[in-house]
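Asks: What follows is a single structure, and I will ask about it in a moment.
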Amino acid sequence: MQTSLISKNKVLIDEYVSSYFELTKKSIRNTLSLAKIVYEVKDKYEYSQIDEEDFKYFCKQIQVNDESSQFRKYLCIAKSANKIEEHLDKFPTAMSVVYKIISLPPDDFDELIQTNLLTPDLTLKKLNHFFPSTKQLKSNSHQQVIIDESDLRIDITFDSKNKSLSKEMKDTISFKIFNCLESVQDNFYHFDEVSVYVNSEYKHSRKYANKNVL
């Protein structure tokens with residue numbers, strides 16, 4: 001048996017509902033506007049400007065449960081409005097992709113911008129290739145890291161039986177491993193250059209000529 005919800009401020013809430021549905025056409029501007037509407041209603045509810053009946057009525061009318069992942073994504077997107085608006089013309093429209101992008105650590109987000117990976121046609125699959133989550137790294141990668149300190153060289157070997165990792169993801173993982181090692185290995189700066197090899201194939205190097213520690 002369904003319970004009929006009645007809003008005490010029906011005129012106000014119906015205005016929010018109408019605005020919401022006017023923006024359901026896919027575009028990043030509309031996604032951001034939808035998120036702001038949801039965030040504003042949630043904010044009014046939390047500060048007792050509207051009561052629980054009004055809040056529940058709003059959620060029912062827009063067909064988004066306030067405990068759903070979609071509702072949480074809306075709140076996160078609204079909170080990241082400034083970041084999105086700064087690169088609005090480059091953002092994709094899919095909410096799952098937008099949410100993944102704004103959830104990236106600051107360094108990864110900067111890398112996304114600097115490498116021109118952020119484009120309107122960016123897919124979640126491609127994004128996950130270049131910025132796998134910690135959970136993905138743990139479940140998908142089995143790598144061995146060997147550091148040769150005599151002539152500093154880092155060898156990263158991936159399990160050849162693991163077919164789930166693309167070449168791009170292996171390169172991304174190796175780059176992140178390199179950055180992690182650099183942050184904890186003070187002796188890196190004693191060398192002019194550090195080379196990285198993945199499955200015995202040279203990938204890249206980093207020079208420290210101007211950072212030598214005496």
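Asks: What percent of all Cα-Cα pairs in region 33-126 falls into each 5 Å bin, going from 0 up to the bin containing the maximum distance?
Replies: Bins of 5 Å from zero give 2, 13, 22, 22, 14, 11, 8, 5, 2, 0 percent of pairs.
Asks: Work out Dmax and Rg for region 74-128 from the C-alpha atoms and quote the Rg first, both in angstrom.
Replies: 10.1, 28
Asks: Tell me, what HN-Hα J-couplings in whole Hz come from the Karplus equation 6.51 cos²θ - 1.76 cosθ + 1.60 at θ = phi - 60° for each residue of region 89-98, using x for Gly and Pro?
Replies: Calculated HN-Hα couplings, in order: 6, 9, 6, x, 9, 4, 4, 4, 6, 4 Hz.
Asks: Looking at region 1-83 from every direction and averaging, what is the projected area of its Cα convex hull in nm²?
Replies: On the way: hull surface 23.3 nm².
That works out to 5.8 nm².
Asks: To continue, here is another question. Given points 7 Å out from each Cα along the Cα-Cβ axis, report the S96 to L117 separation in nanometres with one decimal.
Replies: Each label point is offset 7 Å from its Cα along the Cβ direction, giving 1.8 nm.
Asks: If each residue of separation counts as 0.36 nm, what is the full-extension length gain between V11 and R72 once their alpha-carbon separation is subtracted?
Replies: Going from the current span to full extension adds 19.4 nm.
Asks: Same structure, new question: With all protein chains present, calculate the accessible area of L23 using a 1.4 Å probe and round the result to the nearest 10 Å².
Replies: Solvent-accessible area, nearest 10 Å²: 40 Å².
Asks: Ok, one more. Let me check I've understood the local charge: for L127, count other residues with C-beta under 11 angstrom from its C-beta, Lys and Arg +1, Asp and Glu -1. What total comes out?
Replies: Around L127, the charge tally is +2.
Asks: Would you mind checking the pairs K60/K126; K8/K42; K10/K42; K60/K90 and listing those with alpha carbons more than 24 angstrom apart? Could you put the intermediate results ahead of the total?
Replies: Values: K60/K126 34 Å; K8/K42 16 Å; K10/K42 16 Å; K60/K90 32 Å.
Correct reply: K60/K126; K60/K90.
Asks: Roll a 1.4 angstrom probe over the protein heavy atoms and tell me the percent of accessible area of region 15-58 that is carbon or sulfur.
Replies: Exposed carbon and sulfur together represent 43 percent of the surface.
The values are calculated or read from the model by the stated rules, or taken from the named source; none is laboratory data. Values in this document were obtained by computation on a predicted structure and should not be read as measured data. For neighbour counting, all protein chains shown are included, and Cβ atoms are generated from backbone atoms with ideal geometry for every residue, glycine included. We work out accessible area using only protein heavy atoms, side chains counted, and drop any ligands, DNA or RNA first. Shrake-Rupley method; radii C 1.70, N 1.55, O 1.52, S 1.80 Å.
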